[in-house]
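Heads up: the structure comes next, in structure tokens.
The values are calculated or read from the model by the stated rules, or taken from the named source; none is laboratory data. This structure is a prediction, so every number in the text was calculated from the model and none was measured. All Cβ positions, glycine included, derive from the backbone under ideal geometry; neighbour counts span all protein chains shown.
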């Protein structure tokens with residue numbers, strides 16, 4: 001097989017027809033969602049109800065739609081996971097799959113019923129109701145950085161670059177511009193409707209790549225004969241400590257705004273719980289397909305560029321017509337996540353960061369989406385298109401600085417004070433930032449910044465609580 005391909009000659013007219021046909025179907029679903037939104041706006045005269053309908057679909061998300069939008073939203077970094085699988089094999093399934101399944105199950109069984117009673121609209125709104133206004137504002141800042149869709153802008157740029165032979169920067173700019181336009185136009189309802197189409201296309205696409213790989217080359221015996229032994233180890237050649245870092249990053253699901261938005265939008269707690277569990281089963285199958293497909297790519301074209309190897313391999317192994325479907329599936333995987341993150345960004349700016357009198361303004365929401373899109377492109381360039389580093393960086397801050405205070409709030413309701421939350425989170429941010437940027441002795445170089453952030457945040461919560469209790473007792477004497 002070739003290490004690089006010319007997509008203009010590799011794709012037939014039928015491929016392009018199917019590819020653009022699915023794109024058109026997705027855009028039709030966006031328009032349909034917009035029309036449904038307009039009908040509800042006509043029946044809802046209250047501005048607050050209109051805003052809730054825009055960002056939470058009126059809290060009427062049914063089980064099938066919940067599963068479709070949650071699954072579709074979660075896999076925008078397909079070139080990131082296939083890059084890891086190409087380079088390190090089943091290490092990808094462990095770090096980008098198994099660890100996350102644990103987080104999903106924790107969310108389904110232990111968190112969905114806890115958040116329902118707060119009737120929150122966004123994650124920072126939930127934090128405000130749990131801890132206080134200062135904690136809510138700080139979490140809004142965290143949320144803003146957490147929803148920067150850098151990895152997904154890079155993924156979309158890579159795909160457009162590959163298909164049309166333009167630069168990565170141009171691909172990112174063109175891609176994010178299109179997504180911003182239809183995200184602004186449609187609202188959350190349109191995103192959910194488009195996710196339904198994208199859900200089926202993306203799942204079918206990765207399955208077909210694995211199916212044709214198996215039919216062409218055989219099963220596990222072929223992979224074992226053509227891949228390094230480390231591709232079949234749980235750590236992929238990394239240390240256990242490095243591997244476990246991804247486990248803590250996976251727990252950041254418990255403070256992921258996209259997860260919470262779907263739960264807040266669900267018709268009831270039962271829909272949310274069942275939806276997460278069903279989605280987890282689908283994710284397991286999806287991860288098997290992407291990990292195995294990327295491992296086949298490594299076995300067949302080991303010298304290919306790891307960030308594009310999965311796509312290059314798929315185009316060469318698939319028959320005429322199927323290539324267009326799979327390309328559309330890969331595009332759907334990226335779009336379904338990117339539009340959701342941009343939409344959440346608009347919520348964060350227009351609802352969580354605004355004074356109460358300006359909350360829910362549609363223009364501010366739209367400007368928030370545009371600003372985040374621009375920032376994401378800029379940071380995509382700054383990270384030099386490396387999706388794995390993006391995930392590692394943002395995940396370290398989220399897991400160590402926001403996750404722990406929120407988890408402690410669930411475990412010990414009413415015990416964590418507003419200022420205590422802020423103090424511990426800021427201490428974690430400072431620690432992670434310093435650890436990332438200072439020169440360390442050789443021994444400490446092996447200690448990941450995430451671990452230091454967790455220690456700092458935990459000590460911040462504990463020390464504040466101890467000192468506060470001590471001075472309270474002293475003042476009573």
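Brief remarks follow.
- Within segment 229-268, the set of residues being buried (at least 16 other Cβ atoms within 10 Å of the Cβ) and without any contact (Cβ under 8 Å) to a residue 24 or more places away in the chain comprises 244 only.
- Of residues in segment 98-147 being crowded, with 22+ Cβ neighbours inside 10 Å and assigned to a loop (DSSP other than H, G, I, E, B), the one modelled with the lowest pLDDT: 147
- Which listed residue, of 275, 219, is out of contact with any helix residue (DSSP H, G or I) (no Cβ under 9 Å at 6 or more places or on another chain) and more than 22 Å from residue 389 (Cβ to Cβ): 219
- Scope segment 160-180; condition at pLDDT below 85 and either assigned to a helix (DSSP H, G or I) or surrounded by 24 or more Cβ atoms within 10 Å (Cβ to Cβ) (or both); matching residues: 162, 163, 164
- Count of residues meeting criterion [modelled with pLDDT under 80 and more than 18 Å from residue 249 (Cβ to Cβ)] in segment 440-477: 20
- Here the condition is being free of Cβ contacts under 8 Å to residues at least 60 places away in the same chain, closer than 26 Å to residue 245 by Cα and crowded, with 17+ Cβ neighbours inside 10 Å; of 402, 427, it holds for 427 alone.
- Residues that are in a loop (DSSP other than H, G, I, E, B) and within 21 Å of the chain's Cα centre (by Cα) were ranked within segment 307-341; the one that is modelled with the highest pLDDT is 308.
- So residue 292, is it more than 22 Å from residue 204 (Cβ to Cβ) and either loosely packed, with under 15 Cβ neighbours inside 10 Å or modelled with pLDDT of 95 or more (or both): no
- Checked against the criterion of being in contact with a helix residue (DSSP H, G or I) (Cβ under 6 Å, 6 or more places away or on another chain) and within 23 Å of residue 131 (Cβ to Cβ), segment 438-448 has no qualifying residue.
- Condition broken by residue 355, with the remaining ones in (1) without any contact (Cβ under 8 Å) to a residue 24 or more places away in the chain; (2) closer than 21 Å to residue 183 by Cα satisfied: (2)
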